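Reviewing the structure listed below.
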Amino acid sequence: MLAVKGDWVLIEQVYLTSDQRQSNIPDDTKETDFCLRVKGFLVNEKKVVGDSCIILTKTNRKIEGKLIDIFPNFDHSFGDYLPETAYIETQLKEMLSGGLDE
Amino acid sequence: MNKAQAILDRKHEILRNSIDVDFLKYKRSDIAFDYEKMMEETGYPIEEAIRIQRSLGVGSTPMLELKNINSLIRSLSKPEKGARIFLKDEACNLSGSFKARRAAISVYHAKKLGYKGVMAATSGNYGAAVAVMCAKLNLKCIIVQESFDSMGIYQPEIIEKARAIEAYGAEVVQCSVGPELFVVFLDLLKQTGYFNASLYSPYGIAGLETLGMECVDDIRRLTKKDPTAIVVTHAGGGNLTATARGAKKAGCDCPIIAASVDLHGLHMASDHDFNLKSFTTGHTGFGFPFAIYPDRSDVIYSAARPLRYMDRYLLVKQGEVFYMTEALAKLEGMERGPAGNTSLAAAFSLAQSMSKDDILVVQETEYTSAGKHYNAQLSFAKSNGIEILIGDPKGEIAGTTIVLPSKPSDIQLQEVDLNQLRRSYLRQQLKLHPDGVLSKDDLIYLSMECKVSVEWIVSVLMELRGE
């Protein structure tokens, strides 16, 4: 995917490599790099996902990182239908109407 | 020297430039500082906080009696038992939570001092709250949040919080798991020269005292009585501290009861455990460490000092809070939370042991949405291999199972031994000052910090030192 100058993009920056991390953290965390993700407008003329690039953030900061998404959106949801929770409504309403004794 | 250490070494200087509180002015010894003087000289008087909040569209939220839930409580209680629960619908604030109160005062203060922008380190509702106030007062805003694990997987609730922050025009800096977030925060404060709208500053606390006062005023207006107790979801300690202080300023000295979701067994700084939590706040991963050591925060002396105000501390399980979240929607028509409903789940259990004449206040709700909704959280938990069971929530193991109570009477709070917590607080003090000789002033300070007598402090310190 190609991003051009001015496109809204997401970058990732390795802020601390695993060997630069604090000593007092769990081992599983220490094995990973400490990364930042920030969105902004692409400053370079043309870049593809995976390239190193520079963005201008909403607070006018220029920062460098690896391009990981172009026009990033939000698609988080209300989750799946969960059969496990269906009893709660029935139970509460029956108890409240006196129809069900615990 | 590595980059992180170089920034941490400048911590005091950076924090001094990003907030106008001269914390060290209140230092009395290596252990003690003058908390009340700091609050008096640097916060805002409550009348002024109310005026500022009104001008920013914050506060005066509805206080609602949960009549159907209260009927259910009575049906489960012994005769003459079953307190009435009233719920302060803080989701009605701009940005959808009580955090708007804290943000209003901090951002107003930043504007007054002439800062060009504001920063906050938060993965919670506070981010959107600060973003809203910065939008209203025309300031730049950066929120730094812990968001994703090393696989790049985001906690859905934190995705929603990032969405809201962006919706209000602020910049979000998202971090992978780990305490180095604080290094990034300091680094950005240094680069931008923005104001540190810390949750732990006197402004953040002053802004929330209005909630404690409103809770008391509302209950007096509605019932002609004082609240018997106020239940507060507890994490970093600010909510509890400020609610207690506000209630006292309204002339009410009722017990302040903390409630957290029990996440024992999950490590808060573990990359592996990060996405095994179904709650991002209001849990023991913040509640215990911030009670034991309040000054672990992003200011020199935290204005949030929970053990000073905590009368009881109750734990509930994730499954219990989810059940109550569903009950609030289905019985009261209020789709809220879930994290804000932690105190509601605790109150539901507690009310059954109280007199039917008692009034129990649950002092907050928060908005719900995609990502935050308990359905989103349970689905995410399942996708991470966590089993969703129906049964006795006492058997829930955080990170492995979520147990929805098979019936409402299975919601049973667990009481934390506050003296154990106080001992841990003192142990932490001894660790920080191993050779310190404690003066009489230090002992008085510690007794106020722990809400116990000086004699208790002396005896526990002797025991801990093996004397």
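At an R0 of 22 angstrom, the distance between the Cβ atoms of A:Val49 and B:Lys190 translates into a FRET efficiency of 0.10.
What FRET efficiency do you get for B:Asp295 and A:Leu56 if R0 is 41 Å and r is their Cβ-Cβ distance, rounded to the nearest 0.05? Intermediate values should be presented prior to the final figure.
Numbers: r = 37 Å, r/R0 = 0.90.
Using R0 = 41 Å, I get an efficiency of 0.65.
Among the chymotrypsin sites (Phe, Trp or Tyr not before Pro) within region A:1-92, those in coil by DSSP and having at most 15 neighbouring Cβ atoms inside 10 Å are A:Phe74, A:Tyr81.
The GluC sites (Glu not before Pro) of region B:6-111 that meet both conditions, a loop assignment by DSSP and at most 15 other Cβ atoms within 10 Å of the site Cβ, are B:Glu80.
Excluding same-chain neighbours fewer than eight residues apart, the aspartates and glutamates reachable from B:Lys440 by a Cα-Cα span under 17 Å are B:Asp30, B:Asp34, B:Glu449, B:Glu455. Across peptide B:101-111, the mean count of Cβ atoms from other chains lying within 10 Å of each residue's own Cβ comes to 0. Derived scalar couplings between HN and Hα for region B:43-52 equal x, 10, x, 4, 5, 6, 4, 4, 4, 4 Hz in order, rounded to whole Hz, by the Karplus curve 6.51 cos²θ - 1.76 cosθ + 1.60 (θ = phi - 60°), x for Gly and Pro. Between B:Asp358 and B:Arg84, the built amide H atoms are under 5 Å apart, and every one of these is 5 or more places off in sequence or on another chain.
Which whole-number percent gives the relative contact order of region A:2-73, counting Cα pairs below 8 Å spaced six or more residues apart? Don't skip to the answer; put the middle values down first.
Details: 162 pairs, mean separation 29.4, N = 72.
In percent, rounded to a whole number, it is 41.
Pairing the Cα long axis of helix A:86-96 with the longest principal axis of chain A, what angle in degrees results, from 0 to 90 and rounded to the nearest 10? Helix A:86-96 sits at roughly 40 degrees to that axis. Cysteine residues of chain B whose C-beta has no other cysteine C-beta under 4.7 angstrom: B:Cys92, B:Cys175, B:Cys215, B:Cys252, B:Cys254, B:Cys450. Sequence-distant contacts, meaning Cα pairs under 8 Å at least 6 residues apart, place the relative contact order of chain B at 19 percent. Scanning residues 5 or more positions from A:Asp69 or on other chains, those with amide H under 5 Å from its amide H are A:Leu10, with H placed 1.01 Å from N in the peptide plane.
By counting other Cβ atoms within 10 Å of each Cβ, how are B:Ser439, B:Ser95, B:Ser379 ranked from fewest to most? All intermediate terms of the calculation are to be shown ahead of the outcome.
Working: B:Ser439 13, B:Ser95 28, B:Ser379 19.
Listed from fewest to most nearby Cβ atoms, that is B:Ser439, B:Ser379, B:Ser95.
Backbone geometry of region B:186-199 corresponds, through the Karplus equation with coefficients 6.51, -1.76 and 1.60 at θ = phi - 60°, to 3J(HN,Hα) couplings of 5, 4, 6, 4, 5, 5, 9, x, 6, 7, 8, 7, 4, 5 Hz, x marking Gly and Pro.
Treating each Cα of the protein assembly as shown as an identical point scatterer and summing with the Debye formula, the log10 of I(q)/I(0) at q = 0.09, 0.11, 0.12 Å⁻¹ comes to -0.67, -1.02, -1.22. Computed from the alpha carbon atoms alone, the convex hull of region A:2-73 holds 100 Å³ per residue. Judged by the gyration tensor of its Cα atoms, with axes a ≥ b ≥ c, chain B is rounded; a/c sits under the 1.5 cut. Our estimate of slack between B:Ser75 and B:Ser409, defined as 0.36 nm per intervening residue step minus the Cα-Cα distance, is 119.2 nm. The string of couplings for region B:76-85 from the Karplus curve (6.51, -1.76, 1.60, θ = phi - 60°) is 9, 9, 5, x, 6, 10, x, 5, 8, 9 Hz, one whole number per residue in order, with x for Gly and Pro. Under a cut-off of 23 Å between alpha-carbon atoms, report the lysines in cross-link reach of B:Lys190, not counting same-chain residues fewer than 8 places apart. Result set, ordered by chain and number: A:Lys39, A:Lys58, A:Lys62, B:Lys3, B:Lys11, B:Lys25, B:Lys111, B:Lys112, B:Lys116, B:Lys140. Between the amide H of B:Tyr44 and those of B:Ala206, distances stay under 5 Å, these residues lying 5 or more places away or on another chain, with hydrogens modeled in the peptide plane. Between A:Asp69 and B:Lys3, the C-beta separation translates, for a Förster distance of 41 Å, into a calculated FRET efficiency of about 0.95.
Within straight-line reach of B:Lys225, meaning a Cα separation under 28 Å, sit the following lysines at least 8 residues removed in sequence or on another chain: B:Lys67, B:Lys78, B:Lys81, B:Lys88, B:Lys99, B:Lys248, B:Lys249, B:Lys356, B:Lys451.
Any read-out appearing in this document is the output of simple, stated calculations on the displayed coordinates, not a laboratory observation. Owing to the predicted nature of the structure, the values given are computational and were not obtained by experimental measurement. Cβ sites come from the backbone with ideal geometry, for glycine too, and all protein chains shown count toward neighbours.
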